[in-house]
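Asks: Starting off with a structure, shown below.
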Amino acid sequence: MSEGSQVEARASASLDQCAISNVPVMIKADFLSIEKLAVKDDKSGWRDVDSGRVGALTSVFIGGQWGLTCGSEISVLEATNLDQDHIIDDGLSSATALFDLKARWLNDSEKDVEGKPWDDKLVALFQKGVFVKFVKYDWFVSDQRHTHAHGRA
């Protein structure tokens, strides 16, 4: 194959990859233990954790101002890291707030960070896990998650 043909073939393959959808495909939705969310993994999320958002979500969770859909905005990749924790696709701030709250609850199951008894729904979430969407991409490139997320922002 000539050099020109090789370049043309690579360009064609690149165009074919661009035609593949960069929107994640939901595989399933199920409960996942909060400890199995890879909140500390640098591959999790399509942007860095926003500490202000984590603080706001922590207040919402502590205040019991969330419903049955809590966590449904969290999506994780089918893939796991070396610790077998699921890499977070979207919802890193929510996952981080829940992860931190559960650690506090394990340390003191009587009183929350505000000195009040823990919300029963939140305790049930700590015990049962958070409802997440398991997703995959047609072809995985870390920038693809970034592009998808910014495309809908």
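Asks: In the stretch 102-112, which residue that is over 11 Å from LEU122 (Cα atoms) and charged (D, E, K, R) is modelled with the highest pLDDT?
Replies: Of everything passing the filter in the stretch 102-112, ARG104 is modelled with the highest pLDDT.
Asks: So, one more: For the structure I just gave you, tell me whether VAL54 is over 12 Å from the mean Cα position of the chain (by Cα) and either at pLDDT 90 or above or within 14 Å of ALA95 (Cβ to Cβ) (or both).
Replies: Yes, satisfied.
Asks: Being closer than 21 Å to HIS86 by Cα and aromatic (Phe, Trp, Tyr) is the filter; apply it to the stretch 99-134 and report the residue that is surrounded by the most Cβ atoms within 10 Å (Cβ to Cβ).
Replies: PHE126
Asks: Select from the stretch 57-101 the residues that are at pLDDT 90 or above, in a loop (DSSP other than H, G, I, E, B) and not hydrophobic (A, V, I, L, M, F, W, C) and write down the one among them that is farthest from VAL23 (Cα to Cα).
Replies: If we take residues in the stretch 57-101 being at pLDDT 90 or above, in a loop (DSSP other than H, G, I, E, B) and not hydrophobic (A, V, I, L, M, F, W, C), then ASP83 is farthest from VAL23 (Cα to Cα).
The values are calculated or read from the model by the stated rules, or taken from the named source; none is laboratory data. This structure is a prediction, so every number in the text was calculated from the model and none was measured. A quick note on method: Cβ atoms are made from the backbone with ideal geometry, for glycine too, and the neighbour counts reach across all protein chains shown.
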